[in-house]
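What follows is one structure encoded as structure tokens, with my remarks underneath.
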Amino acid sequence: MTSASIHHSPANHLEHVEAPGSMLTKTAARALAVLRYATGFVFLWAFADKTFGLGYSTPSAKAWINGGSPTKGFLANVDVGPLQNFFHTIAGTWYANWLFMLGLLGIGLALTAGIGLRIAAASGTLMMAGMWLAEFPPAGSTNPLIDYHIIYAAVLIVLALAYAGHTWGLGRSWAKLPFVRRNRWLI
């Protein structure tokens, strides 16, 4: 086999650089885009259900628009861990509710649009870490350290690092905006 035939082999096109310094196949980039959309939908669904009480985890009577608190049910029932009193103190406060709901909405929108993934990863990881700490140690868990909060945080970080917004999203166009070019943390 000559070097010319190696460069033109069908498998060679799979190793296409999608992100700076990283080899990513088109199939892998598309899989990350699907993961990005799915994860974005998780955050947007939580926002919608808590806001409107769609009846899945939040009944209509406890919807945020009906005077319910999106944080009180979870945080007021924290009954384990060294931060139990702290979480009870902030449960249902206006600032906890607003920060949590804006976080769900912002992270969900960023993921589905494919823009601002670094901010979404940082804020989502902070949110997931707080929720993990609220349940630490996880009672009844089969794994005392890793649960779905840690998995979501890892997914957010991977999506940001892999430039997952560039495939089937607005990430590539977003990154070319002058304001974003001057402030790379907005990618």
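The values are calculated or read from the model by the stated rules, or taken from the named source; none is laboratory data. Because the structure is a prediction, the values reported are computed rather than measured. Using ideal geometry, Cβ is built from the backbone for each residue, glycine included, and neighbour counts are taken over all protein chains shown. We work out accessible area using only protein heavy atoms, side chains counted, and drop any ligands, DNA or RNA first. Shrake-Rupley method; radii C 1.70, N 1.55, O 1.52, S 1.80 Å.
For ILE90, ILE150, give the ranking by accessible area with the largest first, probe 1.4 Å.
Largest accessible area first, the list is ILE150, ILE90.
So how much accessible area does SER69 have, in Å² to the nearest 10, using a 1.4 Å probe?
Estimated to the nearest 10 Å², SER69 gives 40 Å².
Which of LEU111, LEU83, LEU35 moves the most in a Gaussian network model of the chain with Cα springs under 10 Å?
LEU83
Reachable lysines from LYS72, Cα under 27 Å, same-chain residues fewer than 8 places away excluded?
Correct list for LYS72: LYS50, LYS62.
Given H placed on each backbone N at 1.01 Å, which residues far from GLY53 in sequence or on other chains put an amide H within less than 5 Å of it?
Result for GLY53 returns TRP64.
What ranking of TYR56, TYR152 comes out by heavy-atom accessible area, probe 1.4 Å, highest first?
So the residues, ranked largest to smallest area, are TYR56, TYR152.
For the chain, set up a Gaussian network in which alpha carbons nearer than 10 Å are linked by springs, and say which option among ASN77, ASN66, ASN143 fluctuates the most.
Of ASN77, ASN66, ASN143, the most mobile in the Gaussian network model is ASN143.
Grab the Cα-Cα distance for THR25 and ASN77, subtract it from 0.36 nm times how many residues apart they are, and report the gain in nm with one decimal.
14.2 nm
Relative to the longest principal axis of the C-alpha atoms of the chain, give the angle of the C-alpha long axis of helix 94-113, reported between 0 and 90° and rounded to the nearest 10°.
Its long axis makes an angle of about 20 degrees.
Compute the long axis of helix 26-52 from its Cα atoms, compare it with the longest principal axis of the Cα atoms of the chain, and write down the angle in degrees, 0 to 90, nearest 10.
Between helix and principal axis, roughly 20 degrees.
Treat every Asp and Glu Cβ in the chain as -1 and every Lys and Arg Cβ as +1, leave all other atoms uncharged, and give the resulting dipole magnitude about the Cα centre to the nearest 20 debye.
For the chain, the charge dipole is close to 680 debye.
Once Lys and Arg get +1 and Asp and Glu get -1 on their Cβ, which of ALA33, TRP45, ASN183 lies farthest toward the positive end of the dipole of the chain?
Selected residue: ASN183.
Is it possible to state the helix-based mean residue ellipticity at 222 nm for the chain, with each DSSP H run of 4+ residues giving -39500 (n - 2.57), the sum divided by total residues, to the nearest 500 deg cm²/dmol? What is it?
-17500 deg cm²/dmol
Taking a probe of 1.4 angstrom, what is the accessible area of ARG30 in Å², to the nearest 10?
Result for ARG30: roughly 110 Å² accessible.
Could you check which residue among GLY67, GLY169, GLY114 shows the biggest mean-square fluctuation in a GNM of the chain with a 10 Å Cα cutoff?
In the Gaussian network model the winner is GLY67.
Of the heavy-atom accessible surface of the range 16-170 (probe 1.4 angstrom), what whole percent is carbon and sulfur?
71
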